[in-house]
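To keep things clear, I will list the structure first and then write my remarks on it.
The values are calculated or read from the model by the stated rules, or taken from the named source; none is laboratory data. Just so you know, these numbers come straight off a predicted model, no measurement behind them. Because the Cβ atoms are built from the backbone with ideal geometry, glycine has one as well, and the counts that use them run over all protein chains shown.
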Amino acid sequence: MLLEAADDSVIHYIFAFSDGRSWRHSVELEPQAVPVDAAQLPAWTKLEFHQCEHCPLPAHSATHCPFALALVAPVKLLAQSPSYEQVKVEVRWRGREIRQSTTLQRALGSLLGALGATSGCPHTRLLKAMAWFHQPFSGTDETLYRVFGTYLLGQYLRQQRGLSVDWSMSELREVYRNLRLVNLGMTKRLRAAAVEDSGPNGMILLDLLAADTLYSLDQYEGELDRFFEEFFR
């Protein structure tokens, strides 16, 4: 099977279910604005539907939640499958293939992470740099490494432009506090929409990773030290 062209701006997810169903979804890191018929959108995508308490978007500037809009297709096609169902997932990106047999919950959590970072939600915008180097199915250590590394590199690049920098990562703490509220808000939104539990559980999985990251920011206990022993000599 030929791979898609090595386009670093599109991540392809392909789900294969045990009953023979298959579904694919592409995450565009540079999405183009496409006119959408609001009448065709589900009610749970409206901005005021269980809107996150800390959402900075005023109703007059946005009628729909950007993160919710990014979830319409996944929720529509995957909502009828339970979160514990085993699926085979293939991720194609940058000319590579990553295959994983896992639960729908974990596979969906990986996809939702990329979708959230590119959705246009004001609270996920700093995650977009990580999305450009997306790591499907990453665990806690990998997530910490990518979060810390991405943020500090971003500060270095800001410094090169004469901008203020945050080497203590105090602003990153605020980003992840807000991100946890977004994840919880989206979980409430999906549950209120009465979808099958795969969607909400995918969001819960994301929140667990966000919680681990925030805890490490507040009380770092050397989780990554073993990978940097040469730096301590």
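Listed here are the residues, each with its yes/no results for (1) in contact (Cβ under 8 Å) with a residue 40 or more places away in the chain; (2) surrounded by 16 or more Cβ atoms within 10 Å (Cβ to Cβ); (3) out of contact with any helix residue (DSSP H, G or I) (no Cβ under 6 Å at 6 or more places or on another chain).
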site: CYS55; (1), (2), (3): yes, yes, yes
site: LYS76; (1), (2), (3): no, no, yes
site: LYS88; (1), (2), (3): yes, no, yes
site: SER101; (1), (2), (3): no, no, yes
site: HIS123; (1), (2), (3): yes, yes, no
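Mind checking which pairs have a first residue in region 179-194 that is at pLDDT below 75 and a second that is among the aromatic types (Phe, Trp, Tyr) and buried (at least 18 other Cβ atoms within 10 Å of the Cβ), Cβ under 6 Å, 6 or more apart or different chains? That search, which allows pairs on different chains as well, returns ALA193/TRP44.
If the condition is being under 28 Å from TYR176 (Cα atoms) and among the hydroxyl-bearing types (Ser, Thr, Tyr), then region 69-117 contributes SER83, TYR84, THR102, THR103, SER110. Counting only residues that are assigned to a loop (DSSP other than H, G, I, E, B) and either in contact with a helix residue (DSSP H, G or I) (Cβ under 6 Å, 6 or more places away or on another chain) or within 30 Å of ARG99 (Cα to Cα) (or both), region 8-48 holds 10 of them.
For region 69-113, the set of residues classified as of a type in the set (Val, Ile, Thr) and over 18 Å from GLY139 (Cα atoms) consists of VAL72, VAL75, VAL87, listed by residue number.
Among the residues of region 57-72, just one is touching a strand residue (DSSP E or B) at 6+ places or on another chain (Cβ under 8 Å) and surrounded by fewer than 16 Cβ atoms within 10 Å (Cβ to Cβ), namely THR63. Residues considered: VAL165, VAL147. Of these, the only one that is part of a helix (DSSP H, G or I), of a type outside the set (Asp, Glu) and either within 17 Å of the chain's Cα centre (by Cα) or over 22 Å from PHE67 (Cα atoms) (or both) is VAL147.
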